[in-house]
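Working notes, beginning with the structure itself.
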Amino acid sequence: AVLVDQHTPDVKVWLKPGPGVFQITYARGSKYEPDFLVEMASEMLICEVKAANELQDPIVKAKAEAARTWIGAANAIAKEQGRKTWRYALIPHDAITTNATLEGLLNVHCLPALPQ
């Protein structure tokens, strides 16, 4: 959150969704709220920060796959309606350093949308 606030002039608004505000369904109907939603000048972001040693955890992977599927669907609708597209970033905690930027993290840690 501090990184987004301090180093990213293209950020219009960001939020940490509260319970039930923004949910993505994964694995047998389980739901999760991403860590951060960010509206940039030209796109929308879902940013998930995880401990580096948890990135291969099956639940983390299931959530990431569900988010990538969600952004695939959201981007199809965005294209039809002329809205901003979405990207999903799964960021290891140790990549967030004092000299990191949101743009740099996105360049390395964004995962592609899954096709519909």
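The values are calculated or read from the model by the stated rules, or taken from the named source; none is laboratory data. Please read these numbers as outputs of a predicted model, since none were measured by experiment. For neighbour counting, all protein chains shown are included, and Cβ atoms are generated from backbone atoms with ideal geometry for every residue, glycine included. Side chains included, ligands, DNA and RNA excluded: accessible areas come from the protein's heavy atoms. Shrake-Rupley method; radii C 1.70, N 1.55, O 1.52, S 1.80 Å.
Points to keep in mind about this one:
- If you take all other residues with their beta carbon under 12 Å from the beta carbon of Q23, and give Lys and Arg +1 and Asp and Glu -1, the sum is +1.
- Candidates per trypsin sites (Lys or Arg not before Pro) in segment 49-99, loop by DSSP, up to 13 other Cβ within 10 Å: R83
- Relative contact order [Cα under 8 Å, 6+ residues apart], the chain, whole percent: 26 percent
- Among beta bridges identified by DSSP and lying wholly in the chain, the antiparallel ones come to about 60 percent.
- Among the protein heavy atoms of the chain, carbon and sulfur supply 53% of the accessible surface, probe 1.4 Å, non-protein parts ignored.
- Lysines with Cα under 21 Å of K84, excluding same-chain neighbours fewer than 8 positions away: K12, K16
- Taken per residue, the accessible surface of the chain reaches 60 Å², heavy atoms only and a 1.4 Å probe.
- With contributions of -39500 (n - 2.57) from each DSSP H run of at least four residues, the per-residue ellipticity at 222 nm computed over the chain stands at -10500 deg cm²/dmol.
- For the chain, the spread of Cα positions along the three principal axes, ordered from largest to smallest, is 38, 38, 26 Å.
- Candidate cross-link partners of K50 among the aspartates and glutamates, defined by an alpha-carbon separation under 19 Å and a same-chain spacing of 8 or more, comprise E33, D35, E65, D94, E103.
- Using a Förster distance of 30 Å, the FRET efficiency for A100-T25 (Cβ separation, nearest 0.05): 0.50
- Accessible surface of T25, taken over heavy atoms with a 1.4 Å probe and every protein chain present, rounds to 80 Å².
- What the Kirkwood sum gives for segment 5-73 is a hydrodynamic radius of 13.1 Å, with every pair of different alpha carbons counted.
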